[in-house]
Every structure is written in structure tokens, then in C-alpha cells.
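First up is the structure itself, then whatever we jot down about it.
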């Protein structure tokens, strides 16, 4: 019978971060994760803007990113083709501004890490394992809340919001609104319709975003 190896003191849960990939199915050292991050092109997790629309009665958040298409493709791959099962949308408003984030399911990430460990080693991780979780959600912090205030009745806790990633280019900054809105459907990728959930730990994360601005 093969003797079980001792579990490393820390198991690294490699949760979601845009375009960040690892060829290693299981990481047992935070330094390994740091090496992966160093080798990956730095991707800004903050959207350049969010355009809110109401389409067929469904609230839609169009998050603007310079690399929207590859980010969308990677997010779907990371979520095993089911983004709605791996992410929820959180948002808050404070002092005339709002913050929002597409938050990954950390508990599901932990469970996936445990499964990968079992597949590699042939036995389950000990129940007293320690975890360090790394994630970097897609986020946005507004300058004002006018558009958000209009949409807020539709995006309360428990609602569902459709999210697109729209391919942002610098010339969009100077487009007249009519031209921009006509262009928007042609440069966006749908990633899913997500439940709005605002547990306290996610609210605290969003509050910290205001402080980091």
C-alpha cells in the first residue's frame, strides 16, 4: 500500500483572475503562484466603464475592457462553460458613487482544488487543510451614480443581471452617444446572466475598492 504524503502546510486555491492560467492542476506553494503571475501579461481587472441598458425587461451591464474578447473566452473556460454557476454580481452605493464586481464562487474553487488534489495523489485532502485563496474579480468603481440609480430597482439582491464584456477602444471616449450605442451591440460578448448576491464579506470587499481608488 502506498503511504500517504504529508500535506503541505498551505494549499493554494487558484481561483479566478482574468487571463491567468496555470499548467499545474494543483499548487502547494504561494511562490509558484507568484511565478505564474509574473509570466502572465498584466490585465487590468477594473473596467474602463459600465454602460447599463434594459433589454427585453432584463437589466444589462456592459463592462468595457480593452481585451474584452479574450477575457470573456478565458472566463468561460475557467468556469467550465457555466459562468452563471461560478459567479455572482455584487454592488453597493456610497457617497454618490457605486462599485460592482463579478465575484467568483470561492467555495466552489476550494472544492475543485480538493478534487484536483485527489486526482493527482489518489486520496482526499485532510479535513484540517489550510487554504490560501487568490482571486481577482472583474470590477468597476464609478465617478457618479446617475445610470446606476436608474437601474437600481431592477438589480436588487436576488435579481438577475445579464453581463456583456464590451471591447473598449480609446476613440469611444469621443463618440457621440448615438454612435456609441449603435456600435455597442457589435463589439460585445455575452458571458452570462448572474444572480445579484451581497453577503457581508463581498460588501466589505466593495467598500475597500472605494478606499483603493
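We did not get these values from a lab; they are worked out from the coordinates using the rules stated. Quantities reported herein were computed from a predicted structural model and do not represent experimental measurements. Note: ideal-geometry Cβ built from the backbone for every residue, glycine included; neighbour counts use all protein chains shown.
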Footprinting proxy, 206, 184, 54: sorted fewest to most Cβ within 10 Å, the residues are 54, 184, 206
Taking Cα pairs closer than 8 Å and at least 6 residues apart, the relative contact order of the chain in percent is 30
Determine, for 116, 207, the number of other Cβ atoms within 10 Å of each Cβ, and report the residues in order from fewest to most.
207, 116
Computed on Cα atoms, Rg of the stretch 163-213 relative to 2.2 N^0.38 Å comes out at 1.60
Where does each of 64, 198 land when they are ranked from fewest to most other beta-carbon atoms within 10 angstrom?
198, 64
Gaussian network model of the chain, springs between alpha carbon atoms under 10 Å - residue of 153, 177, 137 with greatest fluctuation
177
Calculate the spin-label point distance for residue 204 paired with residue 77, positioning each point 7 Å from the Cα along the beta-carbon direction, and give it in nanometres.
3.4
For the chain, what is the Kirkwood hydrodynamic radius in Å, using each pair of distinct C-alpha atoms?
18.7
Antiparallel versus total DSSP beta bridges in the chain: what percent is that, nearest 5?
70
If each part is reduced to its alpha-carbon centroid, the stretch 187-213 and the stretch 62-95 end up apart, in Å, by 10
